[in-house]
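Below: one structure, written as structure tokens.
Here, each number is a calculation from the coordinates, and none is a lab measurement. Please read all numbers here as calculations on a predicted model, not as lab measurements. With ideal geometry, Cβ positions are generated from the backbone for all residues, glycine too; neighbour counts draw on all protein chains shown.
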Amino acid sequence: MGDVQQAKGRSVAAIVALVLGIVAIVMSWMPIINNLAFVIGIIGLIVAIVGVVGVLRGKKAGKVLAIVALVVNIAALAIVLGTQSMYSAAIDDAVNGPSATSTSQQSDAAGDADDANDAANSAADAKSFTDLKVGTSVDLENGLSVSVDDVQTGLKNYDGSEVMGVQVTYTNNGDKSADYNPYDWKGEDAKGAQEDMVYYSEADNALNSGTLAAGGSVSGTVYFAGDTVKALYFASMVADEPTASWTLA
């Protein structure tokens, strides 16, 4: 009587790896939870490799299953990395607001060579968006343009303290509405201390808060302490760093 060849058992490692990969893919789209999905995917990948090695050596059956498990776990890891990058970018945008993309220098009616030079220098320094000259506009990636147009010094408040008025303009060049707010702005003194705007009893055309329709523009004045040397614009009120700054003194 001939020997009867015993049928090979299906690879348990491949089955376990496939289950882990499916779980990892399902969890990979969920913020925070996808951190666990990455761990599960790593474990599934290791188990899948064990399964592939086993079937290639002829010890177990289920070559297709093992390869599918390997692919599923690799896909799960790729999705986790992609979604985490996407969520990180979304959180960064929500916290810091839209980034600045370019600057432009306002020119007077004469349009002389100095204005052209200022515009060229402004464009060259566009990556920093710091210490800009009064009259420079900063364009944001959402289509909003923000500028510091004029500075009024030597203003006296009701208590005798000195106040500075900074006239700013928002222009919405985008296709969606955009918010504006006086709390987008802070003043900075010569020692680097950043302070919020101050109340000025004789305020004229003070900047209010509101929403600017696409194609709209609004100007207003934000008031700071008299020793302010810079105006800082924050694209988000919870941002740690200013989006742009202008030198006032």
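Here are some notes:
- Under the convention that each Lys and Arg Cβ holds +1 and each Asp and Glu Cβ holds -1, the size of the dipole of the stretch 124-249 around its Cα centre is about 160 debye.
- Table column - 3J(HN,Hα) (Hz), the stretch 179-186, Karplus curve with 6.51, -1.76, 1.60, x for Gly and Pro: 8, 9, 7, x, 7, 5, 10, 9
- The stretch 201-248: C-alpha gyration tensor shape, a/c 1.5 cut-off, then a/b vs b/c: oblate
- The stretch 13-27 - phi-based ³J(HN,Hα) in whole Hz, Karplus 6.51/-1.76/1.60, Gly and Pro as x: 4, 5, 5, 4, 5, 5, 4, 4, x, 5, 4, 5, 5, 4, 7
- The residues neighbouring residue 174, those whose beta-carbon lies less than 14 Å from its own, together hold a net charge of -3 under the Lys/Arg +1, Asp/Glu -1 convention.
- Think of each Lys and Arg Cβ as +1 and each Asp and Glu Cβ as -1; about the Cα centre, that makes the dipole of the stretch 193-249 roughly 200 debye.
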